[in-house]
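Student: Supplied in C-alpha cells, the structure appears directly below.
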Amino acid sequence: MVLIVDSGATKADWIALNDEGEKLFMTQTLGLSPEVLTKEIIDERLANNFELYKHRKEVSQLYFYGAGCGTQRMRDFLKGIFKDYFTQAKITVKEDTYAAIYATVSPDENAIVCILGTGSNCSYWDGKELYQKVTSLGYILMDDCSGNYFGRQLLRDYYYRKIPQKLASKFAREYDLDEDTIKNNLYKMPNPNTYLATFARFLIQNKDEEYCQQLIKKGMNLFINNAIKQYEQASKVPIHFVGSIAFYLQNELAEVMKENGLELGRVLRRPIDGLVDYHMSFLV
C-alpha cells in the first residue's frame with residue numbers, strides 16, 4: 001500500500017493506493033506541521049484516525065508533503081514519528097512546495113509556484129530543480145497574504161478600530177473576540193497560526209466591501225513584492241498558486257497580478273488530486 005499525503009497547517013489529506021495505482025481509501029487528519037506541534041500531538045492525531053490505525057502495518061511507501069518541512073531537522077523529526085507508526089514503510093518527507101509543483105506544473109515547464117493557504121510560500125521550478133530565494137521564518141514574521149496574515153490584520157484592525165463600524169459589528173457577531181479568548185488561543189493553545197487563519201473566512205465572505213478589498217490587495221502586493229519578485233524570471237514564466245486563499249480570492253489575485261505585469265497560471269484549492277496523478281504515473 002502506498003500512502004500519499006498533502007498536509008497544510010490546518011488539515012492533511014491522505015490517499016491510499018494499491019500497487020496497481022487503484023485508490024483504496026481517502027481520509028483526513030488535522031495538519032501535522034512539525035514547526036508548531038510536539039511529537040505527542042502528532043502521535044495523537046495519527047492514532048485518532050481509524051483508517052490510518054487500521055492499515056498502519058500494510059503501508060509499504062509513505063510520501064508526505066507538508067507545511068513546516070522546509071528544513072532537514074523538521075523532516076527528520078517527522079520521519080522519526082512516521083517510522084514508529086508505519087513500521088513497514090519506506091518514508092519520504094518533503095516540504096509542501098513539492099506537492100504544489102507536482103500538482104500544477106507541466107512536464108519540463110519553468111514556473112514560479114506559490115502557496116497561499118494557512119501559510120504562504122514561493123519557489124521557482126526550472127523543470128528539474130526547486131529554488132527558493134527566501135528562507136521562511138514562519139508565521140509570526142512572514143507568511144504575507146496567507147490565512148494567518150489576514151486573520152492577524154483583521155484582529156489588529158478590529159482592536160485598533162480601523163474596521164468600518166457596520167462591518168466590525170458583523171465581525172463581532174460571527175466570532176468570539178473576547179481578549180482573553182484570543183490571547184489563550186494565540187499564546188497557550190497549539191496551532192496559533194491555524195487559529196488566526198480561521199478569521200480569513202470573514203474576509204472572503206465579505207470581500208466585496210471596500211475595506212476588505214483594500215486589505216486583500218495590500219496582502220497580495222506584499223506577497224508579490226516580497227516573494228515573487230525575488231525571482232528575475234517572474235515576468236517571464238507562468239505563476240501557479242495552490243491553497244484556499246488563492247482559490248477563493250482568485251479574481252482579486254488575477255487583477256493584482258495583471259497590475260504587476262505577471263502571468264497568472266493555474267489556481268488550485270488543494271494539490272492532492274494532482275499529486276496522486278503524479279505518483280500514479282510511476283505505479284502503472
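Student: Can you say whether residue 144 is at pLDDT 95 or above, among the charged types (D, E, K, R), in a loop (DSSP other than H, G, I, E, B) and under 20 Å from residue 253 (Cβ atoms), as far as the supplied structure shows? Outline the logic, then answer.
Tutor: Values: at pLDDT 95 or above: yes; among the charged types (D, E, K, R): yes; in a loop (DSSP other than H, G, I, E, B): yes; under 20 Å from residue 253 (Cβ atoms): yes.
In short, yes.
Student: Further question on the same structure: Condition check: more than 22 Å from residue 190 (Cα to Cα) and out of contact with any strand residue (DSSP E or B) (no Cβ under 9 Å at 6 or more places or on another chain). Does residue 83 satisfy that?
Tutor: Numbers: more than 22 Å from residue 190 (Cα to Cα): yes; out of contact with any strand residue (DSSP E or B) (no Cβ under 9 Å at 6 or more places or on another chain): no.
Against the criterion (more than 22 Å from residue 190 (Cα to Cα) and out of contact with any strand residue (DSSP E or B) (no Cβ under 9 Å at 6 or more places or on another chain)), residue 83 does not qualify.
Student: Provide a single number: the residues in region 105-120 that are assigned to a loop (DSSP other than H, G, I, E, B) and surrounded by fewer than 23 Cβ atoms within 10 Å (Cβ to Cβ). Outline the logic, then answer.
Tutor: Step one: of region 105-120, the residues assigned to a loop (DSSP other than H, G, I, E, B) are 105-110, 117-119.
Still in the list and also surrounded by fewer than 23 Cβ atoms within 10 Å (Cβ to Cβ): 105-110.
Here the count works out to 6.
Student: Return the residues of region 1-14 that are in a strand (DSSP E or B) and surrounded by fewer than 20 Cβ atoms within 10 Å (Cβ to Cβ); say none if nothing qualifies. Even if it seems obvious, please write down each step before you answer.
Tutor: Step one: filter region 1-14 for residues in a strand (DSSP E or B), giving 2-7, 11-14.
Once the filter is applied, which keeps residues that are in a strand (DSSP E or B) and surrounded by fewer than 20 Cβ atoms within 10 Å (Cβ to Cβ), region 1-14 yields only 11.
Student: Same structure again: Filter region 119-139 down to residues that are touching a Gly at 6+ places or on another chain (Cβ under 9 Å) and either among the small types (Gly, Ala, Ser) or under 17 Å from residue 250 (Cβ atoms) (or both), then give me how many there are.
Tutor: Initially, region 119-139 is screened for residues touching a Gly at 6+ places or on another chain (Cβ under 9 Å), giving 119-121, 132, 135-136, 138-139.
Remaining after also requiring either among the small types (Gly, Ala, Ser) or under 17 Å from residue 250 (Cβ atoms) (or both): 119-120, 136, 138.
Counting residues in region 119-139 that are touching a Gly at 6+ places or on another chain (Cβ under 9 Å) and either among the small types (Gly, Ala, Ser) or under 17 Å from residue 250 (Cβ atoms) (or both) gives 4.
Student: Any residue at all in region 185-193 that's in a helix (DSSP H, G or I), charged (D, E, K, R) and either over 20 Å from the mean Cα position of the chain (by Cα) or closer than 25 Å to residue 135 by Cβ (or both)?
Tutor: Of region 185-193, the ones in a helix (DSSP H, G or I) are 185-187, 192-193.
Applying the additional criterion that residues be charged (D, E, K, R) yields none.
No; the residues of region 185-193 include none that is in a helix (DSSP H, G or I), charged (D, E, K, R) and either over 20 Å from the mean Cα position of the chain (by Cα) or closer than 25 Å to residue 135 by Cβ (or both).
Student: Something else about it: All but one of (1) free of Cβ contacts under 8 Å to residues at least 60 places away in the same chain; (2) in a helix (DSSP H, G or I) hold for residue 267; which doesn't?
Tutor: (2)
Student: In region 68-99, which residue that is touching a residue at least 24 places away in the same chain (Cβ under 8 Å) and among the aromatic types (Phe, Trp, Tyr) is farthest from residue 273 (Cα to Cα)?
Tutor: The qualifying residue farthest from residue 273 (Cα to Cα) is 77.
Student: Which one is surrounded by the most Cβ atoms within 10 Å (Cβ to Cβ) among residues in region 154-185 that are over 15 Å from residue 209 (Cβ atoms) and polar (S, T, N, Q)?
Tutor: The selected residue is 185.
Student: Another question, then. Residues of region 48-80 being farther than 14 Å from residue 98 by Cβ, within 23 Å of the chain's Cα centre (by Cα) and small (Gly, Ala, Ser), which ones?
Tutor: Correct list: 80 only.
Student: Here are 138, 151: which of them is under 30 Å from residue 232 (Cα atoms), touching a residue at least 12 places away in the same chain (Cβ under 8 Å) and not hydroxyl-bearing (Ser, Thr, Tyr)?
Tutor: On the way: 151 fails: under 30 Å from residue 232 (Cα atoms).
So the residue among 138, 151 that is under 30 Å from residue 232 (Cα atoms), touching a residue at least 12 places away in the same chain (Cβ under 8 Å) and not hydroxyl-bearing (Ser, Thr, Tyr) is 138.
Student: Which of the following residues is in contact with an Asp or Glu (Cβ under 9 Å, 6 or more places away or on another chain), in contact (Cβ under 8 Å) with a residue 60 or more places away in the chain and part of a strand (DSSP E or B): 65, 102? Give the steps one after another, and end with the answer.
Tutor: Values: 102 fails: part of a strand (DSSP E or B).
Sole residue among the options that is in contact with an Asp or Glu (Cβ under 9 Å, 6 or more places away or on another chain), in contact (Cβ under 8 Å) with a residue 60 or more places away in the chain and part of a strand (DSSP E or B): 65.
Student: Output the residues belonging to region 7-17 that are under 17 Å from residue 90 (Cα atoms) and not small (Gly, Ala, Ser). Full working, then the answer.
Tutor: Just the residues of region 7-17 that are under 17 Å from residue 90 (Cα atoms), to begin with: 14-17.
Within region 7-17, 14, 15, 17 qualify.
Student: Then there is this: Please specify each residue of region 223-242 satisfying the condition of being in contact with a helix residue (DSSP H, G or I) (Cβ under 8 Å, 6 or more places away or on another chain) and either surrounded by fewer than 16 Cβ atoms within 10 Å (Cβ to Cβ) or not in a helix (DSSP H, G or I) (or both). Walk me through it before giving the result.
Tutor: Filtering region 223-242 for residues in contact with a helix residue (DSSP H, G or I) (Cβ under 8 Å, 6 or more places away or on another chain) gives 224, 234, 239-242.
Across region 223-242, the qualifying residues are 234, 239, 240, 241, 242.
Student: Then there is this: Out of all the residues in region 70-99, which are in a strand (DSSP E or B), of a type outside the set (A, V, I, L, M, F, W, C) and in contact with a Leu (Cβ under 8 Å, 6 or more places away or on another chain)?
Tutor: Of region 70-99, the ones in a strand (DSSP E or B) are 90-95.
Subsequent filtering for residues that are of a type outside the set (A, V, I, L, M, F, W, C) retains 90, 92, 94-95.
Correct list: 90, 92.
The values are calculated or read from the model by the stated rules, or taken from the named source; none is laboratory data. Since we're looking at a predicted model, the values are computed, not measured. Cβ atoms come from the backbone with ideal geometry, glycine included; neighbour counts cover every protein chain shown.
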